[in-house]
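The structure appears right after this line, and notes come after that.
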Amino acid sequence: MITLLDYGAGNVRSVVNAICRLGETVKTVFCAEDIMRADRLVFPGVGNFGSMIRILNDKGYVEPLKDYLKADRPFLGICLGLHALFEESEEAPGLKGLGIIPGKVRRFDIDLAVPHIGWNGIHIKQSSGVLSGCMGNEKFYFVHSYHVVPDKTDVILTTTTYGIDFVSSIKKGNITATQFHPEKSGQQGLDVLKNFLELKKSDKTVPETQEKTLLAKRIIACLDVRSNDHGDLVVTKGDQYDVREKGDVRNLGKPVDLARQYYEDGADEITFLNITGFRDFPLEDMPMIDVLKRTSENVFVPLTIGGGIRDYTDKFGKTYSALDVASEYFRSGADKISIGSDAVLIVEDYLKTGKKTGKSSIEKISDVYGNQAVVVSIDPRRVYVASPEQTTHPVIETVFPGPNGEKYCWYQCTIKGGREGRDVDAVTLAKVCETLGAGEILLNCIDRDGTNSGFDIELINAVKNAVTIPVIASSGAGCAEHFLEVFEQTHVESALAAGIFHRKEVPIGEVKACLKTKVEIRP
Ligand code: 1PR
């Protein structure tokens, strides 16, 4: 029996699913005594250091946790569960951590996109039971903006390179805590969890590992999901967002089965987009929540879900906030949520005053779950102009002229699945969303969607160069070489495709084989 400390934020379902997959049962902590009764305690954390410490204090968990840790009983902390062990964090100045490990938690101060999101390596510094069997060439999934800085080096278990060499896990007696997420790191992550569950003894030798590690470019499989005309929930795919063929919604497979297949094929992340979410309220559309729950039982890489994340009033006058919707998605197994239409409306409001209100879905969700959990999905379309003076929006000079030979274009944001164009451009939208707390941009392109003609490099460079958060390139992938092109010609951290995977034209393995020697990837 494994005891899980769930203080109520973020996706603990994945940790529970991973432990259950390894044949153990999980008991959740309901009161302070449960902590002292534990044999092996797992403390996964996502979100904000301040809100975590406040909740631990409110629930009276701080002292029992300290006692448990001081008694050197088996403990595995994950992400914020690592930060909690330290004295303080720059994320919440003035609040005390558990102080079991002398040192601080600092924000990344580097010239790279923050949060650090994705698959990176580990440089192993000492022998450990939890990392037993690691060869040193594995990659693990990270998602964080802060990293720990212990006062003494003897607790450092691994380091990882991202602009700087930071401490990516610590070990002190029977206490191990990782910055990376084993429950989201595929088979090698499950192996780490298994070592902890079995209380594996330390390896005698430390594997020789690369001192400098590299963040891998991520390949993401995207599943656009909706009900077809027979009421079945299907994965579909549009051509420039038109998902109907001869009147029927294209049916390319079942969401849970396809997601599992892509995980097994090596996808680094899975994204579900509930494409009718702007119309249907997701909390009534329970099949989507069920899809997420069932997927997270078998898929141990990050899951993002988008569609319908906004405030809503139902037919009985009951109101739900975007945060309620997001919380339900996180509880059901999502690691990140993606906001589309609502982000455009939020940015329109922001541009009227230039002031944050603290009330938008982006601000509220990132406040509770952390920036890394909030993706903004942009659905732009090109608007051509003959000269930059013809619009107030930032234009690019394009090598693909418009229908009347126009040499310039701007990228108009749309809402409701591309049905309605708004007076906001993609570059401004991305910048404002970053200011409001978004942690990542999913950059679609309606002109390229489903065309197999390659990513819109001009759009991607315009947006990526305007923000410091990671950007996912999306729309238009038609062959493995298109991924190489987008990674060589832009600085995006990841690339997403749908049609070529669903139609089985290019398997994920072929994309990775093409990138293997030229771009850092997760093997
Ligand atoms: O507006 O918050 O409810 O979110 C709705 C979400 O659903 C948005 O993220 C929006 O992008 C998406 N969406 C809405 N309608 C459609 C549609 O296709 N009719 N799908 C749609 C958008 C875009 C991509 C696609 C890539 C790659 N899908 O994610 O998967 O373009 O395709 P490709 O590789 O086949 O070219 P809200």
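The values are calculated or read from the model by the stated rules, or taken from the named source; none is laboratory data. Since we're looking at a predicted model, the values are computed, not measured. No Cβ is skipped: glycine too gets one built from the backbone with ideal geometry, and neighbour counts run over all protein chains shown. Accessible surface areas use protein heavy atoms only, side chains included; no ligands, DNA or RNA. Shrake-Rupley method; radii C 1.70, N 1.55, O 1.52, S 1.80 Å.
General remarks:
- Cut-off 17 Å, label 7 Å out along Cα→Cβ of ASP349, residues of region 395-417 by amide N: 415-416
- To the nearest ten degrees, helix 341-353 and the longest principal axis of the Cα atoms of the chain are 80 degrees apart.
- Projected label distance in nm at ASP111 and LYS504, using a 7 Å step from Cα toward the beta-carbon: 4.8
- The amide H of VAL467, built 1.01 Å from its N in the peptide plane, has no neighbour under 5 Å, considering only residues 5 or more places off or on other chains.
- By definition, a body whose alpha carbon gyration tensor gives a ≥ b ≥ c is oblate when a/c is 1.5 or more and a/b is not larger than b/c, and region 233-392 fits this oblate description.
- Heavy atoms of VAL347 accessible to a 1.4 Å probe, total area in Å² rounded to 10: 0
- Ordered from highest to lowest accessible area with the whole protein assembly present and a 1.4 Å probe, THR319, THR428 read as THR319, THR428.
- Cα-based helix-to-principal-axis angle, 49-58 vs the chain, degrees rounded to 10: 50
- With the simple spin-label model, which puts each label point 7 Å out from Cα in the Cβ direction, the MET135 to ASP229 separation comes to 5.2 nm.
- FRET efficiency for the pair ASP67 and ALA386, taken as 1/(1 + (r/R0)^6) with r the Cβ-Cβ distance and R0 = 56 Å, rounds to 0.20.
- Here the label points at PHE400 and THR153, each 7 Å from Cα along the C-beta direction, are separated by 5.1 nm in the simple model.
- Radius ratio Rg over Rh of region 2-197, counting only Cα atoms, Kirkwood formula for Rh: 0.92
- Summary of the geometry: region 258-311 and region 366-382, compared by the centres of their Cα atoms, lie 15 Å apart.
- Set LYS171/LYS212; LYS293/LYS315; LYS125/LYS204 screened for pairs whose C-alpha atoms are more than 22 Å apart: LYS293/LYS315
- Our coupling estimate for region 33-41, obtained by passing each phi through the Karplus curve with A = 6.51, B = -1.76, C = 1.60 and θ = phi - 60°, is 4, 4, 5, 5, 7, 5, 8, 9, 10 Hz, Gly and Pro reported as x.
- Computed E for GLN240/ALA513 - FRET, C-beta separation, R0 45 angstrom, nearest 0.05: 0.95
- For GluC sites (Glu not before Pro), no site in region 442-523 is both called loop by DSSP and has at most 11 other Cβ atoms within 10 Å.
- With all protein chains kept in place, the per residue accessible area of the chain amounts to 40 square angstrom at a probe of 1.4 angstrom.
- Using heavy atoms of the protein chains and a probe of 1.4 Å, the accessible area assigned to THR398 is about 10 Å².
- Hz values of 3J(HN,Hα) by residue in region 446-455 - Karplus curve (6.51, -1.76, 1.60), Gly and Pro given as x: 4, 4, 9, 3, x, 8, 6, 9, x, 6
- Legend: translational diffusion of region 319-398 by Stokes-Einstein, Rh = Kirkwood radius over C-alpha pairs, 25 °C, 0.890 mPa s; D = 166 µm²/s.
- Close amide-amide hydrogen proximity is noted between ILE309 and GLY340, each under 5 Å apart and 5 or more residues distant or on a separate chain (H modeled in the peptide plane; Pro and chain starts excluded).
- Sorting the segments 149-157, 124-132 by their residues' average number of neighbouring beta-carbon atoms within 10 angstrom, most packed first, yields 124-132, 149-157.
- Sequence of TYR329, TYR384 when ordered by accessible area, the most exposed leading, probe 1.4 angstrom: TYR384, TYR329
- Taking 0.36 nm per residue of separation and subtracting the Cα-Cα distance, full extension of the segment from SER321 to PHE281 would add 13.3 nm.
- Rounded to the nearest Hz, the phi-derived 3J(HN,Hα) couplings of region 262-276 under the Karplus curve 6.51 cos²θ - 1.76 cosθ + 1.60 (θ = phi - 60°) are 5, 4, 5, 6, x, 4, 8, 6, 10, 10, 9, 10, 7, 7, 9, where x marks glycine and proline.
- With Cα atoms, 0 to 90° folded angle of helix 322-331 axis to the chain main axis: 50
- Take every Cα pair under 8 Å whose residues are at least 6 apart in sequence, average their separation, divide by the length of the chain, and the relative contact order is 12 percent.
- Cross-link pairs LYS172/LYS194; LYS139/LYS336; LYS104/LYS518; LYS172/LYS336; LYS336/LYS431; LYS152/LYS356 - those with Cα-Cα distance over 29 Å: LYS104/LYS518; LYS172/LYS336; LYS152/LYS356
- Of THR517, THR160, THR209, the order by accessible heavy-atom surface (1.4 Å probe, DNA, RNA and ligands excluded), from most exposed downward, is THR517, THR209, THR160.
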